[in-house]
Every structure is written in structure tokens, then in C-alpha cells.
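See structure below.
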Amino acid sequence: MDWLKNKTLKRHWFAHWGRLSAILLIGWLGAVSTFFLSLMTGWYFDLMYQNSISKSELLADFGLSVSSLQQFFAILGFVILLKFFLHFWERQLIRTKAEKFNFHLMQRLFRRQLQWTSDYYKRNGFGKYLLRYSGDQLSVRNMLCNGFHRGLRDAFFLLTGLGLLVYLNPFWTLTIVATLLIVSPIAFLLDSKQIPWTRSKRNKKSLVLKYVTETFSNQKGDFAKSERTKISGTFQEKSEEALTANLQYQFWENSRLAWVAILGPLLTFSLLAAISFSPESKGSPGQLLAFMLVIGAMAPAIRSISKTPSIIAKGMISLEKIEVLIKKKTPLTYSKKDKAEKEAEQGSASPETDPKLVFLE
């Protein structure tokens, strides 16, 4: 859990816990409305077919009921509209905050790289650093939005769903929890196998990008045939290394996603098997249907949480790569005297005086 110790995240993300908590509450309310939408269809059966199967039994226990189709559709429409606005504002707020985090992070990186000497660029080129401004930004944003925020929101959502399941039938709930405890380690094992290949894939891709950039940026005329052959051979070699790393990464990624995809059906299987082996716990048809509806609503959140460790790991790889560049010091950078002369010649504003270049606290 390197993200717990990361100073950049502590100062510029987790420090804003009040705003993050408000966004989390909005997301949780939007997620919980999913339970209500699933269960309230029982009202329609009761009203339309006059043949109750107690599908809305859970809502009735909380004192919620309708007396006409008009009332049902009015409530249904209101909940759908409310879910739309909650979902919109959750995404708008969390993604805006993540984009601002990335913007200021890139400002710090660019400001630091302006201090590097031209000799360093001549020796190392600049192509491999382009991913810090493109793919790495996407990974960091994904970590903030879908890793930290969505992972925590779905965790609270699952706790809410677990409470509903316990209320409906404690024995069935114990079966579901036991199944999750058995299968979850497999998903985490697949994650641990994937992470090394995630680093390798990104490094190989960065080297290919660097080679392409340097090849064409250094071109001073048409390539000779022998030179083209040599360049093509080197490019093919680097590309094959990147392909190998990417295929290994995809193998573990596809294995993990395939495993996650069967979690919902696997929970249903374990529930029905438990009822079959213990008929005295079968309850009423409406109770079972409500229980399965809640599980169905929880399944996407379970799949989402199983992806969270991988998303955070990828994001931390990107963030650490950016931080390594930000922390690079002399002799890679100009001296203070050289920097002052350079700024005087270019008429550029210093980071201390230009508010646009300041990483906001």
C-alpha cells in the first residue's frame, strides 16, 4: 500500500477529505437507489396482476407502499431522474478534481524539466518522457476516480447491501459471504501476477516511443537504404519485446476479468446450492426473489472492487515515474546562475512569481 505513504497524494488529494466525502456521499446515494429501483418492481406486479409474490415485501417492512399505478410511475420516474442527477454530479465532481490534480502535477513536472541541461537531453533524448504527459496522466486519473473514489463508494454500497441481505435471511447471507471469502484470494493472486508485467509493458512501450521520436527528430535528409534496414531492424526488435510484454500482461488481465465475470453467477449457484442442502432455510418465494435482486444489484460493485487493486497499482506506477522525474537534481539541472541568465534572456516568469506554475495546496 505505497499510496498510503505517498506525500503527493497526502497533500494534494487526501487532504481534501471534506470535498471527497461529499462526493462519496452523492455517489453512495446514487448507488443505493439501484436497490430501490430493483425492489419496487414488485409494486407493479401487485398492482397490475393483483397476484402478489411478496417481491416488495422488503419495502413494505420499511413502511413503503403504493396504492395505484399512477403513484407507482410517479415514484419510479422521480427515482430514475434522481439517479441521473446523482450519477452526473458524482462523475462531474470527482473527474474535475482528478483533472485538476493531474494538471498541477504536470505543471510541476514541466517546470522541473525546464531546468534540465541541454546536454542531458542530448544524451538521453526526450521521447521516453512523452508518456508522462499522456498515458501516465490517464492512469493517475483512473486511480483517483475508479480506484480510490469508486472503490470506497462500492465498499459502502456493499455494506449497505450486506445489511439488507442479513435482514432478509442471515443463513443465506452467511453462504454468500463464505463464497466471497473463498473466491476473492484468486482474484488478488491474479492481480499480483499481472503487476510485474504492467511495469514491463509500460517500460517497453516507452522505449519504442523514444526510439521513434529520436529517429525522426534527428533526420536531416532521406535515409539511405542500408540505414533504413538497420533502423527497421532495431525498431522490429524493440517492438517484439514490447509485444511479448503486452501479451503476457493481456494473459493475466484476461484471466482476472474472466474470473471476475463469473462472480455473480457463482454467488447465485452457492445460494441455490445452500437452499437445496438445507430446505428448512428456503423461506418464501418473494423473500428469495428479493434476496437475488439485491445480489444482482451488488454484483457489479463486487466486480468493480475486485479490479480496484489493479487500478491503484497501475496508477501508482505512473505517479512514481512522474515523481522520479520531478525529484531529479543536479548535475542534470542548470545552476541557479545559469537558470537566472536563461530566464533573463527568454523573459520568462519564475515559478515563484507566476501563479499559473504554482502547484496549488
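The values are calculated or read from the model by the stated rules, or taken from the named source; none is laboratory data. Just so we're clear, the structure is a prediction, and the values are computed from it rather than from any experiment. As a convention, Cβ positions derive from the backbone with ideal geometry for all residues, glycine included, and neighbour counts pool all protein chains shown. Ligands, DNA and RNA are excluded from the accessible area calculation, which covers all protein heavy atoms including side chains. Shrake-Rupley method; radii C 1.70, N 1.55, O 1.52, S 1.80 Å.
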Review point. When the Karplus curve 6.51 cos²θ - 1.76 cosθ + 1.60 is applied with θ = phi - 60°, which whole-Hz ³J(HN,Hα) does each residue of region 309-324 get, with x for Gly and Pro?
Key: x, 5, 4, 5, 4, 5, x, 5, 4, 5, 5, 5, 4, 5, 5, 4
Check your understanding: So how much slack lies between Phe88 and Phe269, counting 0.36 nm per residue of separation and subtracting their Cα-Cα distance, in nm?
Key -> 61.7 nm
Study note, to complete from the structure: Which of Lys193/Lys307; Lys201/Lys230; Lys5/Lys204; Lys83/Lys314; Lys193/Lys314 exceed 22 Å between C-alpha atoms? The answer is Lys201/Lys230; Lys5/Lys204; Lys83/Lys314
Revision key, fill the gap. accessible surface per residue for region 220-301, probe 1.4 Å, DNA/RNA/ligands not counted, whole Å² -> 59 Å²
Check your understanding: Given a Förster radius of 30 Å and the C-beta distance between Leu174 and Leu64 as r, what FRET efficiency does 1/(1 + (r/R0)^6) yield to the nearest 0.05?
Key -> 0.65
